[in-house]
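*Asks:* Quick one: the structure is below, questions incoming.
The values are calculated or read from the model by the stated rules, or taken from the named source; none is laboratory data. All values reported here derive from a predicted model rather than from experimental measurement. In this analysis, Cβ positions are derived from the backbone assuming ideal geometry, glycine residues included, and neighbour counts consider all displayed protein chains. Surface areas here come from the heavy atoms of the whole protein model, side chains and all, with no ligands, DNA or RNA. Shrake-Rupley method; radii C 1.70, N 1.55, O 1.52, S 1.80 Å.
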Amino acid sequence: MVIINKNAVETFKTRWSGRGNEDSDTQSFWTDFLHDICGVERPNDIIKRENHVELDKKHRGSIDIYIPLTRVLIEQKSLDVDLNKPILQSDGTYLTPFEQAKRYSDQGLGVYDKARWIITCNFKAFYIYDMREPHPKPEVIQLENLDKEYNKFSFLVDANAAAPKEIRELEISVKAGELVKTLYDAVKLRYINSDSPEALRNLNIFCVRIVFLLYAEDSGLFNKGAFHDYLKSNSHDARQALLNLFKILSQHESERNVYLNDELKAFPYVNGGLFEDMQIEIPNLNQPDDEPVKIILDKMSNGFDWSGISPTIFGAVFESTLNPETRKIGGMHYTSIENIHKVINPLFLDELKAQLEAIIKSPSGGTRTKNLKSLQNKLSSLKFLDPACGSGNFLTESYLSIRRLENKILKELDTSGQIKMIFEADESPVKVSINQFYGIEINDFAVSVAKTALWIA
């Protein structure tokens, strides 16, 4: 899928926010989507509209949008239509939009053309169904969140996007690694004695921090575009602007100067030590051509969505990009998520999953709620150690797996009003923390990468 400028996504969102009629707007909506979001030069060349489907001798329907290349079938509804509710059909039956689309696929398309993906849409939400699953459940993406999740639509025009989630995450992470390498090479030229251990240390810390800032603004940890806008408005002296920002990010709000300008005050305190080292040296980034600043603003911020990377895979990509030793060797070596689970599942994850499933299946009531809270407390008390952690992919995937279990617990507690009570008490319901995860590693740069991967996770 083409990497689309995020401004194009914002324009699409604005254009279609709050409007959409099935009869009059379906064609222009999806033509715009394929062109603006997917980068298709001539959308009309790849789609078929209004394919008629014989339901029986008296009734027929029509497929709104079908993309033969990727076997994507789209059932479009108007803005006010609930995509979860059955709708009266021409033959007198009641079907949800997904059931309607599936019937069109089963009865109107040949055996080799049946939908690989089904999308139902009402101009404000997209329900994506993976038809490889025996009982597909939708991944729901809201139009308002399209700027963060547009990369998930690559399957519309890329036949290879049907690959497993891990492969897509790897491709995105490798692209991120290429961007980091571009920045690394541009900034390295600005250092005096650029191959000295001290210069390389400063350069690595600098790149790790920039990656975190880019991820933070794309994933919602910061206000949208906060880092991009700050750097752009201070690009005349980018070096000092970044030093000032690093200092502020290491300070708790209560420790900051009361006269701090609003621009810096908008950034939250980032704990965990990522910005504590104020001895970092940054070279002059503005001479002679502002190239490093342009790379950050145009290629890394405007030109790429960092929220789609896999923190588990990205640690290894990052290290292979920036570690001088691995760069000399060439290539990238990482343990796949699948292989990580071959280790962590029998070690601890299978047992914890079984405990949670047993509690979920138990009768509702006080005992069930007590057991859910007890298991959550157990998850938050566990300690994990990787004695040779490298770039931290085992630690990162373990953290994500434990948090997923905790999310399931919180979802079960939510049905009984427990989460609402916690929020009313002004407490976070999340108890699992990255402070439960420890690693030992001889390479100090790999340690920095592992910390960053955990922060991104």
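*Asks:* Would you work out which of V140, I63, L156 lies farthest towards the positive end of the dipole of region 59-159? Charges go on Cβ: Lys and Arg +1, Asp and Glu -1.
*Replies:* So the residue we want is I63.
*Asks:* Using Cα pairs under 8 angstrom and six or more residues apart, how large is the relative contact order of the chain, in percent?
*Replies:* About 13 percent, as a whole number.
*Asks:* Let me ask something additional. Place a label point 7 angstrom from the Cα of E10 along the Cα-to-Cβ direction, then list the residues of region 228-261 whose backbone nitrogen is under 12 Å away.
*Replies:* 228-230
*Asks:* Something else now. Kindly flag which residue pairs out of K148/K188; K370/K431; K383/K411 have an alpha-carbon separation exceeding 21 Å in this structure.
*Replies:* Values: K148/K188 31 Å; K370/K431 16 Å; K383/K411 24 Å.
Checking Cα-Cα distances, K148/K188; K383/K411 exceed 21 Å.
*Asks:* Work out the FRET efficiency for L79 and A266 from their Cβ-Cβ distance, taking R0 = 30 Å, and round it to the nearest 0.05.
*Replies:* Details: r = 34 Å, r/R0 = 1.13.
Efficiency, from the Cβ-Cβ distance: 0.30.
*Asks:* Okay, next question. Relative to the longest principal axis of the C-alpha atoms of the chain, give the angle of the C-alpha long axis of helix 97-108, reported between 0 and 90° and rounded to the nearest 10°.
*Replies:* The two axes meet at around 60 degrees.
*Asks:* So between R404 and L69, what do we pick up on full extension, going 0.36 nm a residue minus the alpha carbon distance?
*Replies:* Details: separation 335, 0.36 × 335 = 120.60 nm, distance 3.49 nm.
Answer, rounded to one decimal: 117.1 nm.
*Asks:* Pop a pseudo-label 7 angstrom from the Cα along the beta-carbon direction at both R256 and T31 and give the gap in nm to one decimal.
*Replies:* About 4.8 nm, to one decimal.
*Asks:* With a 1.4 Å probe and all protein chains left in place, how much of the accessible area of the chain comes from carbon and sulfur atoms, in whole percent?
*Replies:* Result for the chain: 50 percent of the exposed heavy-atom area is carbon or sulfur.
*Asks:* Taking R0 as 22 Å, what FRET efficiency do you get between K175 and D289 from their Cβ-Cβ distance, rounded to the nearest 0.05?
*Replies:* With R0 = 22 Å, the Cβ-Cβ based efficiency is 0.35.
*Asks:* Now for a different question. Given labels modelled 7 Å from the Cα in the Cβ direction, how far is it in nm from D414 to D130?
*Replies:* Output for this residue pair reads 2.1 nm.
*Asks:* Another question about this same structure. Would you please state which residues of region 16-40 a label at R60 would reach in this model, taking the label point 7 Å out along Cα→Cβ and a backbone N cut-off of under 18 Å?
*Replies:* none
*Asks:* For the chain, what proportion of DSSP beta bridges, expressed in % and rounded to the nearest 5, is antiparallel?
*Replies:* 70
*Asks:* If I take R0 = 22 Å and measure r between the Cβ atoms of L347 and N377 in this structure, what FRET efficiency does the formula 1/(1 + (r/R0)^6) give, to the nearest 0.05?
*Replies:* Taking R0 as 22 Å, the efficiency between L347 and N377 is 0.60.
*Asks:* Taking only protein heavy atoms and a 1.4 Å probe, what accessible area per residue, in Å², does the chain have with all protein chains in place?
*Replies:* 50
*Asks:* Let me ask something else. Can you tell me how much longer the chain between D158 and E338 gets when fully stretched, taken as 0.36 nm per residue apart minus their C-alpha distance, in nm with one decimal?
*Replies:* Gain on stretching D158 to E338: 62.4 nm.
*Asks:* About its Cα centre, how strong a charge dipole does the chain have in debye, to the nearest 20, once Lys and Arg get +1 and Asp and Glu get -1 at the Cβ? Don't skip to the answer; put the middle values down first.
*Replies:* Values: 55 positive and 65 negative charges, 207 e Å.
Magnitude of the dipole: close to 1000 debye.
*Asks:* Now for a different question. Can you list the HN-Hα couplings for region 280-285, worked out from phi with the Karplus curve (6.51, -1.76, 1.60; θ = phi - 60°), rounded to whole Hz and with x for Gly and Pro?
*Replies:* 4, 9, 10, x, 5, 9
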